[in-house]
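Have a look at the structure below, then the notes.
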Amino acid sequence: MAHIIVTGNEKGGSGKSTTAMHVATALARMGHRVGAMDLDIRQRSFGRYVENRRAFLTREGLDLPTPDYRALPPPGTEGIDRHFAAAVEELSAEAGFIVIDCPGSHTRLAQMAHAMADSLVTPLNDSFIDFDLLARIDPMTNKVLGPSIYAEMVWQARQTRAEAGLKPIDWLVLRNRLGTQQMHNKRRVGEALKVLAKRIGFRVAPGFSERVIFRELFPRGLTLLDLRDLGTESLSMSNIAARQELRDLIAALDLPGVKVDF
C-alpha cells in the first residue's frame, strides 16, 4: 500500500497547496512514484497547480518529474466519497506515495482523508490567530484550555485507524511564514505549540517563510526544485534558502524509504 500524506487544516491561506505540491514534486524528483488528489473540489488550488505544470511542460517541450494527479467529479456528484476511495485504491496499486490536499473546511471527504493519513501535515501561519485552529487558549494568560474542533477531528481519525489496526498518524505541524519581526510573539507561539504538542500528540517543524517566489511559480506549475532545470533562472539567496527549507521539511517528515538527495 502507498504511504498517504495528507495536508490539512480548517483555515485557508496557510500554504497547504504550496506544501502539497512541493512535497509531491520533491518525492517524484527523488525517483518515487507519487499520486496526487485535491479534495477542495471547488477551488482546486493543488489540482490547478499540477495542471499548470503539465501545460507548461508541454508548451516548453520539457520532461520534469510530475505527480500522477487524479481529479474528482464536480461538486454535487452522487457517491463522490466512493469515487475518492476508488481513486485512492487505484493509486495505491501504482504509487509509493499519495499526497492528498484537503479543503480549508470540515467535509466528509476531509474526514475520510484524515483517517487514511499515514502522515498528516498541518501548515500553520505563525500567529495566535491560526493557533486557534489547534486549541482554545485563555486570552489573558495564553494557557491552553483544550483542543479545537480540528484537533478533535484528528483524534477521531486516530481512533478510526486504531480500530482498523492501522499505524498511528504521524502528525507534523509546520510553522509557516516565520518572520524576523515580532520576535516576542513568535516565542510565545513556539512555547504554546510545545505545550500543545505534548498534550495532543504532534511534532513541530519549521515550514516555508513568506517569499514572493511561491506566487510566481504557481502559474507555470513549477516548484523550487525546477528552477535550475530551466536554464534561464538564476538562484537568488532567497531561492537557495527556500530550497533548504524544503529539504528540512522532507527530512522532518521522515518518510519510509526516502533519503533527501537534492
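Computed values, structure above
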| read-out | value |
| --- | --- |
| Options 138, 132; residue that is over 20 Å from residue 111 (Cα atoms) and free of Cβ contacts under 8 Å to residues at least 60 places away in the same chain | 138 |
| Residue among 228, 199, 211, 203 that alone is under 30 Å from residue 147 (Cβ atoms) and at pLDDT below 90 | 199 |
| Selection within segment 159-187 - modelled with pLDDT of 75 or more, in a helix (DSSP H, G or I) and within 30 Å of residue 212 (Cα to Cα) | 187 |
| Residues within segment 59-104 that are assigned to a loop (DSSP other than H, G, I, E, B) and surrounded by 17 or more Cβ atoms within 10 Å (Cβ to Cβ), tallied | 11 |
| Of residues in segment 34-58 being touching a helix residue (DSSP H, G or I) at 6+ places or on another chain (Cβ under 7 Å) and of a type in the set (Gly, Ala, Ser), the one surrounded by the most Cβ atoms within 10 Å (Cβ to Cβ) | 36 |
| Selected residue (only one of 58, 18 is closer than 25 Å to residue 251 by Cβ and β-branched (Val, Ile, Thr)) | 18 |
| Identity of the residue in segment 127-158, of a type in the set (Val, Ile, Thr) and at pLDDT 80 or above, that ends up surrounded by the most Cβ atoms within 10 Å (Cβ to Cβ) | 154 |
| Selected residue (criterion: nearest to residue 7 (Cα to Cα)) from residues of segment 214-229 that are in contact (Cβ under 8 Å) with a residue 24 or more places away in the chain and surrounded by fewer than 16 Cβ atoms within 10 Å (Cβ to Cβ) | 219 |
| Among (1) of a type outside the set (Gly, Ala, Ser); (2) surrounded by fewer than 19 Cβ atoms within 10 Å (Cβ to Cβ); (3) part of a loop (DSSP other than H, G, I, E, B) - the single one residue 208 does not satisfy | (2) |
| Qualifying positions in segment 95-145 - more than 12 Å from residue 196 (Cβ to Cβ) and of a type in the set (Asp, Glu) | 101, 118, 126, 130, 138 |
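Results for (1) surrounded by 15 or more Cβ atoms within 10 Å (Cβ to Cβ); (2) of a type in the set (Lys, Arg); (3) touching a residue at least 60 places away in the same chain (Cβ under 8 Å), shown as yes or no for each residue.
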| site | (1), (2), (3) |
| --- | --- |
| 177 | yes, yes, yes |
| 198 | no, yes, no |
| 203 | no, yes, no |
| 249 | yes, no, yes |
| 252 | yes, no, yes |
| 255 | yes, no, yes |
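The values are calculated or read from the model by the stated rules, or taken from the named source; none is laboratory data. Here the structure is a predicted model, which is why all the values come from computation and not from measurement. Ideal geometry is used to build each Cβ from the backbone, glycine not excepted, and the neighbour counts take in all protein chains shown.
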